[in-house]
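Working notes, beginning with the structure itself.
Read-outs throughout are calculated quantities, based only on the coordinates presented, and are distinct from any laboratory measurement. Please read all numbers here as calculations on a predicted model, not as lab measurements. Quick reminder, even Gly has a Cβ in these numbers, built from the backbone with ideal geometry, and neighbours come from all protein chains shown.
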């Protein structure tokens, strides 16, 4: 079965989440992000926010992230090497490697779409390096 998504219409339904933090709850994110469709072993998601997200990683595959509007910093930590920060902007596609911890920060706001494998581990602490912290599933 073919799935069609009117991305423009779906994005118009979302509001910008201002002041996002790693501790922002699912209830606080209602209306600022959406699951668009199931995709392979995960889903397609979209989100609008300003602030800093929680650290996350995906054990079962790479995550594709498309920056649709605005700009952000992608913080990424792999098993070896120091944390890296990469500037991304509208039109950028990032492929986050399987198992790499990552998060997005945006002072002025960003709209992004992801193809995210499941399950996802999170670290909901405002720290610079999530390695060595016990993650939460979900």
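Before moving on, here are some points about what is shown:
- Distance from the alpha carbon centroid of the range 45-74 to that of the range 85-107 works out to 6 angstrom.
- Choice from 50, 59, 115 showing the highest fluctuation, given a GNM over the chain with Cα pairs closer than 10 Å: 59
- Residue order, fewest to most surrounding Cβ atoms within 10 angstrom, among 137, 11: 137, 11
- Structure remark: mean-square fluctuation, Gaussian network model of the chain, C-alpha springs under 10 Å; the largest value among 42, 81, 53 belongs to 81.
- Residues 104, 49, sorted so that the one with the fewest Cβ neighbours within 10 Å comes first: 104, 49
- Straightening the chain between residue 105 and residue 60 buys 13.8 nm, computed as 0.36 nm per residue apart minus the Cα-Cα spacing.
- Mean sequence separation of contacting Cα pairs (under 8 Å, at least six apart), scaled by the length of the chain, corresponds to a relative contact order of 29 percent.
- Ranked for footprinting exposure by Cβ neighbours inside 10 Å, fewest first, 56, 134 give 134, 56.
- Segment residue 87-residue 68, length gained on full extension (0.36 nm per residue, minus Cα span): 5.4 nm
- Modelled spin labels at residue 3 and residue 35, positioned 7 Å past Cα toward Cβ, are 0.9 nm from each other.
- Largest GNM mean-square fluctuation among 82, 117, 22, using the chain with Cα springs under 10 Å: 82.
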